[in-house]
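No lab work stands behind these numbers, since they all come straight from the coordinates. None of the values given here were measured: they were computed from a predicted structure. Here the Cβ is made from the backbone with ideal geometry for all residues, glycine too, and neighbour counts use every protein chain on show.
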């Protein structure tokens with residue numbers, strides 16, 4: 001059996017009439033003649049739609065890749081912070097003094113030695129969050145963590161030498177050492 005064109009197959013099956021097939025054929029011939037005569041390219045709507053869809057897909061893929069890249073960077077930062085904390089955390093004293101601090105408007109308690117409590121208050125030590133627990137690290141380590149993610153550093157009393165004002169009206173009054181909140 002000889003190969004039939006799509007037009008002949010549609011005519012045989014009765015999906016199009018002979019008049020419709022003839023008008024499509026003449027329109028196509030006129031279009032090609034006009035193209036040759038005027039050297040004008042006829043706009044192919046299907047081709048334009050395909051190009052537009054391809055451009056949208058490329059843009060969407062680019063946005064998804066950027067989102068994945070941001071998520072990967074966040075995971076890397078979290079892993080770096082976790083590693084820094086685990087390598088530099090200081091041992092706590094479970095039978096020491098309670099050091100109270102706030103995290104997300106909730107008062108939390110951490111048991112540390114009296115020396116550690118004083119160092120935290122002075123800004124030489126800091127409290128950082130590692131998952132659901134809290135750890136004590138040195139001020140240098142806290143600054144490294146703060147550079148990566150400020151939300152991980154919970155208590156860090158950075159010492160300010162400029163706060164010593166000569167005209168301080170309460171300079172003569174000492175704060176009692178046994179004042180613990």
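Considering each residue of region 76-135, count those that are part of a strand (DSSP E or B) and farther than 16 Å from residue 148 by Cα, and give that number.
The initial filter retains those residues of region 76-135 that are part of a strand (DSSP E or B), namely 90, 97-103, 106-112, 125-130, 133-135.
Those left that are additionally farther than 16 Å from residue 148 by Cα: 90, 97-103, 106-112, 125, 133-135.
Within region 76-135, residues that are part of a strand (DSSP E or B) and farther than 16 Å from residue 148 by Cα number 19.
Out of curiosity, is residue 54 in contact (Cβ under 8 Å) with a residue 24 or more places away in the chain and part of a helix (DSSP H, G or I)? Steps first, answer last, please.
Working: in contact (Cβ under 8 Å) with a residue 24 or more places away in the chain: no; part of a helix (DSSP H, G or I): yes.
It is false that residue 54 is in contact (Cβ under 8 Å) with a residue 24 or more places away in the chain and part of a helix (DSSP H, G or I).
Among 130, 97, which is the only one that is in contact with a helix residue (DSSP H, G or I) (Cβ under 7 Å, 6 or more places away or on another chain), surrounded by 14 or more Cβ atoms within 10 Å (Cβ to Cβ), more than 16 Å from residue 153 (Cβ to Cβ) and touching a residue at least 24 places away in the same chain (Cβ under 8 Å)?
Numbers: 130 fails: more than 16 Å from residue 153 (Cβ to Cβ).
97 is the lone residue from the list that is in contact with a helix residue (DSSP H, G or I) (Cβ under 7 Å, 6 or more places away or on another chain), surrounded by 14 or more Cβ atoms within 10 Å (Cβ to Cβ), more than 16 Å from residue 153 (Cβ to Cβ) and touching a residue at least 24 places away in the same chain (Cβ under 8 Å).
If a residue has to be assigned to a helix (DSSP H, G or I) and loosely packed, with under 12 Cβ neighbours inside 10 Å to count, how many in region 10-21 make the cut?
As a first pass, look at region 10-21 and keep what is assigned to a helix (DSSP H, G or I): 10-13, 18-21.
Then drop every residue that is not loosely packed, with under 12 Cβ neighbours inside 10 Å, which leaves 12-13, 18-19.
Of the residues in region 10-21, 4 are assigned to a helix (DSSP H, G or I) and loosely packed, with under 12 Cβ neighbours inside 10 Å.
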Checking residue 135 against (1) farther than 18 Å from residue 157 by Cβ; (2) surrounded by 14 or more Cβ atoms within 10 Å (Cβ to Cβ); (3) in contact (Cβ under 8 Å) with a residue 24 or more places away in the chain: exactly one of these is not met. Which one?
(1)
In the set 51, 80, 76, the lone residue that is surrounded by 11 or more Cβ atoms within 10 Å (Cβ to Cβ) and within 30 Å of residue 113 (Cα to Cα) is 80
